[in-house]
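Trainee: Below you'll find the structure I mean.
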Amino acid sequence: MKMEWMTVIENEPISLDTFKMVLSGDLVHLMTQPGQFLHVRVGDGATNTLRRPISIADLDYQAQQVTIIYKTIGEGTHWLSMRKPDERIHVLGPRGNGFTTEHVCNQDVLLIGGGVGVPPLYYLAKKLTQQNNRVTIILGFQTKAAMFYVKEFQGLGETIVMTEDGSAGQHGRVTDVLPKYQMKTDLYFTCGPTGMLQAVTQQMAKTPGYISLEERMGCGIGACFACVCQTTDQEDGKGYRKICMDGPVFAAEEVIL
Amino acid sequence: MKMEWMTVIENEPISLDTFKMVLSGDLVHLMTQPGQFLHVRVGDGATNTLRRPISIADLDYQAQQVTIIYKTIGEGTHWLSMRKPDERIHVLGPRGNGFTTEHVCNQDVLLIGGGVGVPPLYYLAKKLTQQNNRVTIILGFQTKAAMFYVKEFQGLGETIVMTEDGSAGQHGRVTDVLPKYQMKTDLYFTCGPTGMLQAVTQQMAKTPGYISLEERMGCGIGACFACVCQTTDQEDGKGYRKICMDGPVFAAEEVIL
Amino acid sequence: MTDLAVNLPGLELKNPIMPASGCFGFGREFSEFYDLSKLGAIVIKAATKNQRYGNETPRVAETPSGMLNAIGLQNPGVKGIIEEKLPFLSSFHTPIMANVAGSSVEEYEEVASLLSQSSHIQALELNISCPNVKEGGIQFGTDPNLAAHVTERVKKVSDKPVYVKLSPNVTDVVGMAKAVESAGADGLSMINTLTGMRFNLMSRKPILANETGGLSGPAIKPIALRMIYQVKQEVNLPIIGMGGIRSTDDVVEFLLAGASAVAVGTANFQDPFICSNLIDELPDMLRKYGFQSVQDCTGKGAFV
Amino acid sequence: MTDLAVNLPGLELKNPIMPASGCFGFGREFSEFYDLSKLGAIVIKAATKNQRYGNETPRVAETPSGMLNAIGLQNPGVKGIIEEKLPFLSSFHTPIMANVAGSSVEEYEEVASLLSQSSHIQALELNISCPNVKEGGIQFGTDPNLAAHVTERVKKVSDKPVYVKLSPNVTDVVGMAKAVESAGADGLSMINTLTGMRFNLMSRKPILANETGGLSGPAIKPIALRMIYQVKQEVNLPIIGMGGIRSTDDVVEFLLAGASAVAVGTANFQDPFICSNLIDELPDMLRKYGFQSVQDCTGKGAFV
Ligand SMILES: Cc1cc2nc3c(=O)[nH]c(=O)nc-3n(C[C@H](O)[C@H](O)[C@H](O)COP(=O)(O)OP(=O)(O)OC[C@H]3O[C@@H](n4cnc5c(N)ncnc54)[C@H](O)[C@@H]3O)c2cc1C
Ligand SMILES: Cc1cc2nc3c(=O)[nH]c(=O)nc-3n(C[C@H](O)[C@H](O)[C@H](O)COP(=O)(O)OP(=O)(O)OC[C@H]3O[C@@H](n4cnc5c(N)ncnc54)[C@H](O)[C@@H]3O)c2cc1C
Ligand SMILES: Cc1cc2nc3c(=O)[nH]c(=O)nc-3n(C[C@H](O)[C@H](O)[C@H](O)COP(=O)(O)O)c2cc1C
Ligand SMILES: Cc1cc2nc3c(=O)[nH]c(=O)nc-3n(C[C@H](O)[C@H](O)[C@H](O)COP(=O)(O)O)c2cc1C
Ligand code: FES
Ligand code: FES
């Protein structure tokens, strides 16, 4: 089973233009890694030709539920925001390779998220704390109204909030506080806009880390070559990676941003 | 006010692929003539470019309700059939000129309907009986399973049912029994497939009558010239009529079928 | 204040929104919905020399996010239009552009000349691209030499600005635009419909009596945007953009691609108020995307 | 029993459904969804002489009932395909058609010659119509002489049947079809994508890094049907039809228009099982419309 009509359990706004949706279905048992995404069909099947990739934000195996958090930016996410409990949504997934956490124990781990890059870090933080890591979380938002899940993250580790307009937390960007944490970090994970990822990977160049990329997708399963990025290694046989299949999570030094 | 989001009160199958939908809204007060139609928007607004014309089958001014009866033949009517009570549907209308009944009193009137041409005759029959006409109704259906509203019509006048496969009523077409009623008819009204209309108007050539036409429509308001038909009168200034605006009801001898 | 005004040859538009030819009749039906004085301009249905009945029905069919039409230029003839249709329309305070069609160069000339003499008309739109008329219309629209020729001849007999309406059914739309530019066109209208077809599965016949028809609506929007963008880079004429517009986002997208104003066709059928609504909503939308005026937005989507 | 089999040059199809080139990769990803042996045939992604990275991202954008793509022929090169991709695919019991691309006649020849020597390949599809490659691809597809020339040269070096994939971005598709017919083509694939464009309103830039891209999906279906219908009347070659197919009704419509078999592209992205489902549903649908076999249905939509 690779896809399913999942049932909407909950779909509520949690901050400015941001919704939390809980879905239930058998597919949940296949969802193993934080950082994997669901390829969600939107619209009535006719108008919208392409599915929308949305990250897994949280999982509850017992209840067979998966949580996604999405920002309404266009037609597809707007359509998602209109769904009501008990409606069903067609989900293909889980897709991609997420954050590998198996061998990460007893370490100082830094999570850096920006905007809609924040959701996948939540389930990641949960997993990491379960494995006895000390997790520090830096979250960047545009403004106070756009903040979400801060309390949830605070329950898992030290959480620093940055807002671009200074309306909450500290004034500035995630990279402004990175120097403070850089030295006491064994490993970092980051997800957010490309500009942020570039800045973060540069500043954290000496620390092993993993980044999660976004790109416009066609198939979401590795067949159409819509979502490629180039490898840093010039000698790499293929020279590229497919974000939907090889990623969306890559080692920080593996691909060119 | 020319259009409105009307509320679905009821939407139930009443026979093979045939649904009855009751809509409520202020627009009902503008609906005056049997034979007028509603130009109904289908789909989520994006996929389906064109509205669907559906005749008024019954009206209840007190409850502000209009009834339509439609057959699910394609995308649009299928979409209609999936609507649930309390959902809202965007309706433009009433459009067109329907059956004029003002001056029809104390006459022997024959109504001849075929398939989805039957619905507009119901409200017409009601009006005519209110005005003390003696109404006889001939209804043609494909087969027994496709029959609807026979009982309702029987409450209004003698009702003859014809089925093409003989599974109910008499075996044959509406035109098979016309000769029997032809002579004692002052006026007839008919609605149904073009082939039926041609046969009926030929057989009833000596009796004044009105026919309701169907054609694929664009605008439904007289602007796009999608729905024209030619006049029989070669001398007619324009030489054509727009079914959506001048019709859908015409005097039997006015237009070429 | 967001400035919606656009000045085009012959057309002083208070806003960039006008109904597209053939989708608004001669205005009367829509005047029952809103005050037509609100419109940037009105483009009326194609005029031919003589009255035409057009094609047999069915004349329209729905397609995914679009529709096909094969009306076949039904119209009362140029004299009928001038006498019966223009007086009513001229009671509104909005410029009128007349759409000129024909089967021969002579017919185009004659129709254009009569229309340009009418004081009610501010500009002509030369419809060399109607795919639904067999006798020749289509050739003018797909051959740059013929297109230039008919443009030149019409320009000679008309003292009103002439916009040439381009067909998308061509290999090289830029070549067509250049040809009519050098022939003296004052502006371009882009795009007309793409030739398409649907079949009725039950009857096993083409749905349209005319077999093929013109595809319009949102489905063709990306093609219209591409053509406008390409032409804007190489041709120095104002472009009235059209093809699937149904929202203010669409309007802005056409402006970015290079349109100076836009026309709305098919969307009038789903929502008769569409043009009026777009005019109301446009100022906010322009502001949202950081534009002070419509003119400010035109062509801003080009890489520099 | 409804007979789904179709015999085309080089391709013995057990049913008329195959994935379209570029929308199915080299099959591996879809083999995780269903058994590829079920397919009428498999058309693999375009091969060029050398490995290509293709265009910058973003490479896709959504449009009303369609999408734009500008992948830019990313592929491991013809040798890479033959060595790494074909062995896996040949484990399925279904014919394979290879899509041949290039920037010069010589490249087409070389790629075609290598592919035609592979025992895993049953036919070639000559992609003279990719709109996303700048160096020349597009010209072959829009100029009948060039198209005939490259077809002739490829036919000489290939002992497998050659299907020529036509571009819809032309004034006269029938002329193109006739040109490649007389150059010896064994069949036609129709249609490739239409060139289109979208803009990002916030960034005021084309969404695609390549600016323009190829429009596919239901939006283009009426154009594909029209072109297939027109070509079928005048050219005596089997046509593999494509353009927006996503239901068995669509399949029947393409057959009526004149296609002998069909390819499904974009619809695979929304539903990876689409080809498999269409194959399951087709017999009932053909019966519903009164056909005994696929062959019985081909071209039946023509007025006689
Ligand atoms: C691996 C991955 C995980 C993601 N996880 C999340 C998440 O958890 N929460 C969240 O809010 N967003 C997430 N995104 C971004 C999300 O996919 C887009 O915001 C969404 O597709 C926009 O769709 P739309 O129809 O609302 O916007 P439109 O702009 O109308 O979409 C048009 C097309 O562009 C694509 N598109 C537009 N923006 C993006 C984008 N930023 N990334 C990829 N495709 C885009 C859409 O998929 C669609 O095909 C993720 C993206 C990727 C690639
Ligand atoms: C004045 C008028 C009154 C009508 N009243 C009724 C009624 O009361 N009950 C009823 O069941 N049907 C009625 N019809 C027919 C009804 O409009 C069509 O069955 C309906 O539009 C089919 O839409 P669809 O999307 O299901 O079919 P599709 O075939 O998917 O529709 C595709 C397009 O074709 C048009 N179309 C298809 N068949 C017809 C048709 N027979 N007439 C007009 N347009 C068509 C549709 O409007 C649409 O634009 C009426 C038609 C007209 C013109
Ligand atoms: C029913 C209909 C009739 C049309 N008639 C004409 C016409 O007479 N002259 C003309 O130049 N264009 C005509 N067109 C083309 C439109 O003006 C417009 O160029 C095209 O439909 C694309 O815009 P849209 O997608 O907004 O409809 C017609 C289009 C439709 C749908
Ligand atoms: C992402 C994508 C990649 C494509 N790549 C190729 C290609 O490599 N070679 C080719 O001949 N056609 C290519 N095509 C065109 C398709 O094979 C097909 O002709 C077209 O998309 C129309 O069919 P559809 O609407 O079902 O997608 C591609 C289409 C898409 C959407
Ligand atoms: S989206 Fe198709 S390969 Fe990644
Ligand atoms: S449907 Fe447009 S004129 Fe009748």
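Trainee: Answer yes if at least one residue in region B:36-51 is of a type outside the set (Phe, Trp, Tyr), under 18 Å from the mean Cα position of the chain (by Cα) and over 30 Å from D:Thr63 (Cβ atoms), and no otherwise.
Mentor: yes
Trainee: Collect the residues in region A:118-132 that are touching a residue at least 60 places away in the same chain (Cβ under 8 Å), surrounded by 23 or more Cβ atoms within 10 Å (Cβ to Cβ) and part of a helix (DSSP H, G or I), keeping them in residue-number order. Spell out the reasoning first.
Mentor: Filtering region A:118-132 down to residues touching a residue at least 60 places away in the same chain (Cβ under 8 Å) leaves A:118-124, A:126-127.
In the following step, the residues that additionally are surrounded by 23 or more Cβ atoms within 10 Å (Cβ to Cβ) were identified as A:118-124.
Selection gives A:Pro119, A:Pro120, A:Leu121, A:Tyr122, A:Tyr123, A:Leu124.
Trainee: Taking the conditions exactly as written (over 30 Å from D:Ala257 (Cα atoms), more than 16 Å from ligand 1 (Cβ to nearest atom) and outside any strand (DSSP E or B)), does D:Glu109 satisfy them or not?
Mentor: Working: over 30 Å from D:Ala257 (Cα atoms): yes; more than 16 Å from ligand 1 (Cβ to nearest atom): yes; outside any strand (DSSP E or B): yes.
Yes: the conditions hold for D:Glu109.
Trainee: Mind counting the residues in region D:1-26 that are without any contact (Cβ under 8 Å) to a residue 40 or more places away in the chain and within 13 Å of another protein chain (Cβ to nearest Cβ)?
Mentor: Summing the residues that are without any contact (Cβ under 8 Å) to a residue 40 or more places away in the chain and within 13 Å of another protein chain (Cβ to nearest Cβ) in region D:1-26 gives 1.
Trainee: Turning to a different aspect of this structure: Among the residues of region D:16-28, write down those that are in contact with a Lys or Arg (Cβ under 8 Å, 6 or more places away or on another chain) and either in a strand (DSSP E or B) or within 18 Å of D:Tyr163 (Cα to Cα) (or both).
Mentor: Selection gives D:Ser21, D:Gly22.
Trainee: Consider D:Phe24 carefully, then state whether it is hydrophobic (A, V, I, L, M, F, W, C), within 16 Å of ligand 5 (Cβ to nearest atom) and surrounded by fewer than 24 Cβ atoms within 10 Å (Cβ to Cβ).
Mentor: Numbers: hydrophobic (A, V, I, L, M, F, W, C): yes; within 16 Å of ligand 5 (Cβ to nearest atom): yes; surrounded by fewer than 24 Cβ atoms within 10 Å (Cβ to Cβ): no.
It is false that D:Phe24 is hydrophobic (A, V, I, L, M, F, W, C), within 16 Å of ligand 5 (Cβ to nearest atom) and surrounded by fewer than 24 Cβ atoms within 10 Å (Cβ to Cβ).
Trainee: Hey, another quick one. Quick one: which residue in D:Gly72, D:Gly54, D:Gly80, D:Gly66 is away from ligand 3 (no atom under 16 Å from the Cβ) and within 17 Å of the chain's Cα centre (by Cα)?
Mentor: Numbers: D:Gly54 fails: within 17 Å of the chain's Cα centre (by Cα); D:Gly80 fails: within 17 Å of the chain's Cα centre (by Cα); D:Gly66 fails: away from ligand 3 (no atom under 16 Å from the Cβ).
Testing whether each residue is away from ligand 3 (no atom under 16 Å from the Cβ) and within 17 Å of the chain's Cα centre (by Cα) leaves just D:Gly72.
Trainee: Looking only at residues that are without any contact (Cβ under 8 Å) to a residue 40 or more places away in the chain and away from ligand 1 (no atom under 16 Å from the Cβ) in region C:218-258, which one is nearest to the other protein chains (Cβ to nearest Cβ)?
Mentor: Step by step, filter region C:218-258, then rank; the result is C:Arg226.
Trainee: Out of A:Gly140, A:Gly114, I need the residue that is in contact (Cβ under 8 Å) with a residue 60 or more places away in the chain, away from ligand 2 (no atom under 16 Å from the Cβ) and farther than 18 Å from A:Gly220 by Cβ. Which one?
Mentor: Numbers: A:Gly140 fails: in contact (Cβ under 8 Å) with a residue 60 or more places away in the chain.
So the residue among A:Gly140, A:Gly114 that is in contact (Cβ under 8 Å) with a residue 60 or more places away in the chain, away from ligand 2 (no atom under 16 Å from the Cβ) and farther than 18 Å from A:Gly220 by Cβ is A:Gly114.
Trainee: List the number of the failed condition for D:Val164; all other conditions in (1) out of contact with any Leu (no Cβ under 6 Å at 6 or more places or on another chain); (2) more than 10 Å from chain C (Cβ to nearest Cβ) hold.
Mentor: Failing condition for D:Val164: (1).
Trainee: Report yes if some residue within region A:3-11 is open to solvent by 20 Å² or more (accessible area, probe 1.4 Å) and under 16 Å from the mean Cα position of the chain (by Cα); otherwise report no. Walk me through how you get there before you give the answer.
Mentor: In the first step, residues of region A:3-11 are kept if they are open to solvent by 20 Å² or more (accessible area, probe 1.4 Å); the result is A:3-5, A:7, A:9-10.
Okay, now just the ones that are also under 16 Å from the mean Cα position of the chain (by Cα), so none.
Checking region A:3-11: not a single residue is open to solvent by 20 Å² or more (accessible area, probe 1.4 Å) and under 16 Å from the mean Cα position of the chain (by Cα).
Trainee: Would you check which residues across region C:141-165 are assigned to a helix (DSSP H, G or I), surrounded by 22 or more Cβ atoms within 10 Å (Cβ to Cβ) and aliphatic (A, V, I, L, M) and list them?
Mentor: Result: C:Ala147, C:Val150, C:Val154.
Trainee: A further question follows. Could you grab me the full set of residues in region A:235-247 that are farther than 18 Å from D:Gly80 by Cα and either over 18 Å from the mean Cα position of the chain (by Cα) or within 16 Å of ligand 4 (Cβ to nearest atom) (or both)? Walk me through how you get there before you give the answer.
Mentor: Here is the first cut: in region A:235-247, the residues farther than 18 Å from D:Gly80 by Cα are A:243-247.
Correct list: A:Ile243, A:Cys244, A:Met245.
Trainee: To continue, here is another question. Only one of these is open to solvent by 40 Å² or more (accessible area, probe 1.4 Å) and outside the structural domain of B:Gln154 (by TED's automatic domain parsing): B:Arg41, B:Arg51. Name it.
Mentor: On the way: B:Arg51 fails: open to solvent by 40 Å² or more (accessible area, probe 1.4 Å).
Going through B:Arg41, B:Arg51 in turn, the sole match is B:Arg41.
Trainee: Just a yes or no: is a residue in region A:182-190 modelled with pLDDT of 95 or more, away from chain D (no Cβ under 14 Å) and in contact with a Pro (Cβ under 6 Å, 6 or more places away or on another chain)?
Mentor: Checked region A:182-190: no residue is modelled with pLDDT of 95 or more, away from chain D (no Cβ under 14 Å) and in contact with a Pro (Cβ under 6 Å, 6 or more places away or on another chain).
Trainee: Give the residues of region A:228-245 that are among the polar types (S, T, N, Q) and either buried (at least 19 other Cβ atoms within 10 Å of the Cβ) or more than 9 Å from chain D (Cβ to nearest Cβ) (or both), sorted by residue number.
Mentor: Passing the criteria: A:Thr231, A:Thr232, A:Gln234.
Trainee: Considering only residues that are polar (S, T, N, Q), more than 9 Å from every other protein chain (Cβ to nearest Cβ) and more than 20 Å from D:Arg226 (Cα to Cα), which ones fall in region D:259-304? Steps first, please.
Mentor: Taking region D:259-304 as the starting set, the residues that turn out to be polar (S, T, N, Q) are D:260, D:266, D:268, D:270, D:276-277, D:292-293, D:295, D:298.
From what's left, more than 9 Å from every other protein chain (Cβ to nearest Cβ): D:260, D:276-277, D:292-293, D:295, D:298.
Across region D:259-304, the qualifying residues are D:Ser276, D:Asn277, D:Gln292, D:Ser293.
Trainee: Do we find a residue being open to solvent by less than 20 Å² (accessible area, probe 1.4 Å), modelled with pLDDT under 95 and more than 16 Å from ligand 5 (Cβ to nearest atom) anywhere in region A:79-100?
Mentor: yes
Trainee: Just name the residue that is farthest from ligand 5 (Cβ to nearest atom) out of those in region B:185-222 that are closer than 19 Å to B:Thr101 by Cα and open to solvent by 50 Å² or more (accessible area, probe 1.4 Å).
Mentor: Filtering region B:185-222 for residues that are closer than 19 Å to B:Thr101 by Cα and open to solvent by 50 Å² or more (accessible area, probe 1.4 Å), the one farthest from ligand 5 (Cβ to nearest atom) comes out as B:Asp186.
Trainee: Within region C:46-60, which residues are part of a loop (DSSP other than H, G, I, E, B) and surrounded by fewer than 24 Cβ atoms within 10 Å (Cβ to Cβ)?
Mentor: First, pick out the residues of region C:46-60 that are part of a loop (DSSP other than H, G, I, E, B): C:46, C:48-51, C:53-59.
Within region C:46-60, C:Lys49, C:Asn50, C:Gln51, C:Tyr53, C:Gly54, C:Asn55, C:Glu56, C:Thr57, C:Pro58 meet the criteria.
Trainee: If you go through region C:61-75 one residue at a time, do you hit one that is part of a helix (DSSP H, G or I), open to solvent by 10 Å² or more (accessible area, probe 1.4 Å), over 30 Å from C:Ala5 (Cβ atoms) and out of contact with any Leu (no Cβ under 8 Å at 6 or more places or on another chain)?
Mentor: Step one: of region C:61-75, the residues part of a helix (DSSP H, G or I) are none.
Within region C:61-75, not a single residue is part of a helix (DSSP H, G or I), open to solvent by 10 Å² or more (accessible area, probe 1.4 Å), over 30 Å from C:Ala5 (Cβ atoms) and out of contact with any Leu (no Cβ under 8 Å at 6 or more places or on another chain).
Trainee: Determine, yes or no, whether D:Glu29 is within 14 Å of chain C (Cβ to nearest Cβ), open to solvent by 10 Å² or more (accessible area, probe 1.4 Å), within 14 Å of ligand 4 (Cβ to nearest atom) and at pLDDT 95 or above. Can you show your working first?
Mentor: Working: within 14 Å of chain C (Cβ to nearest Cβ): no; open to solvent by 10 Å² or more (accessible area, probe 1.4 Å): yes; within 14 Å of ligand 4 (Cβ to nearest atom): yes; at pLDDT 95 or above: yes.
Here the answer is no, as D:Glu29 does not meet what is asked.
Trainee: Right, here's the next one. Scanning for something β-branched (Val, Ile, Thr) and at the interface with another protein chain (Cβ under 8 Å from one of its Cβ atoms), does region D:70-89 turn up at least one residue? Full working, then the answer.
Mentor: Taking region D:70-89 and keeping what is β-branched (Val, Ile, Thr), we get D:71, D:78, D:81-82.
This time we only want the ones that are at the interface with another protein chain (Cβ under 8 Å from one of its Cβ atoms), so: D:71.
Within region D:70-89 (the criterion being β-branched (Val, Ile, Thr) and at the interface with another protein chain (Cβ under 8 Å from one of its Cβ atoms)), the answer is yes, since at least one residue qualifies.
Trainee: Any chance region C:37-45 includes a residue that's in a loop (DSSP other than H, G, I, E, B), farther than 20 Å from C:Gln270 by Cβ and within 8 Å of another protein chain (Cβ to nearest Cβ)? Explain how you work it out, then say what you get.
Mentor: Restricting attention to region C:37-45, the residues satisfying the condition of being in a loop (DSSP other than H, G, I, E, B) are C:39-41, C:44-45.
Now narrow it down to the ones that are farther than 20 Å from C:Gln270 by Cβ: C:40-41, C:44.
From the residues that got through so far, the ones that are within 8 Å of another protein chain (Cβ to nearest Cβ) too are none.
No, the conditions are met nowhere in region C:37-45.
Trainee: Residues of region A:21-53 being touching a residue at least 60 places away in the same chain (Cβ under 8 Å) and touching a Ser or Thr at 6+ places or on another chain (Cβ under 8 Å), which ones? Before you say what the answer is, go through the steps one by one.
Mentor: Our first condition is that a residue be touching a residue at least 60 places away in the same chain (Cβ under 8 Å); within region A:21-53, this holds for A:21, A:23, A:25, A:27, A:30-37, A:39, A:50-51, A:53.
A:Met21, A:Leu23, A:Gly25, A:Gln33, A:Pro34, A:Gly35, A:Gln36, A:Phe37, listed by residue number.
Trainee: Now for a different question. Conditions first: (1) on the phi < 0 side of the Ramachandran plot; (2) out of contact with any Cys (no Cβ under 9 Å at 6 or more places or on another chain). D:Thr193 passes all but one, so which condition is the exception?
Mentor: (2)
The values are calculated or read from the model by the stated rules, or taken from the named source; none is laboratory data. A quick note: this is a predicted structure, and the numbers were derived from the prediction, not measured. Quick reminder, even Gly has a Cβ in these numbers, built from the backbone with ideal geometry, and neighbours come from all protein chains shown. For accessibility, only protein heavy atoms count, side chains too; no ligands or nucleic acids. Shrake-Rupley method; radii C 1.70, N 1.55, O 1.52, S 1.80 Å.
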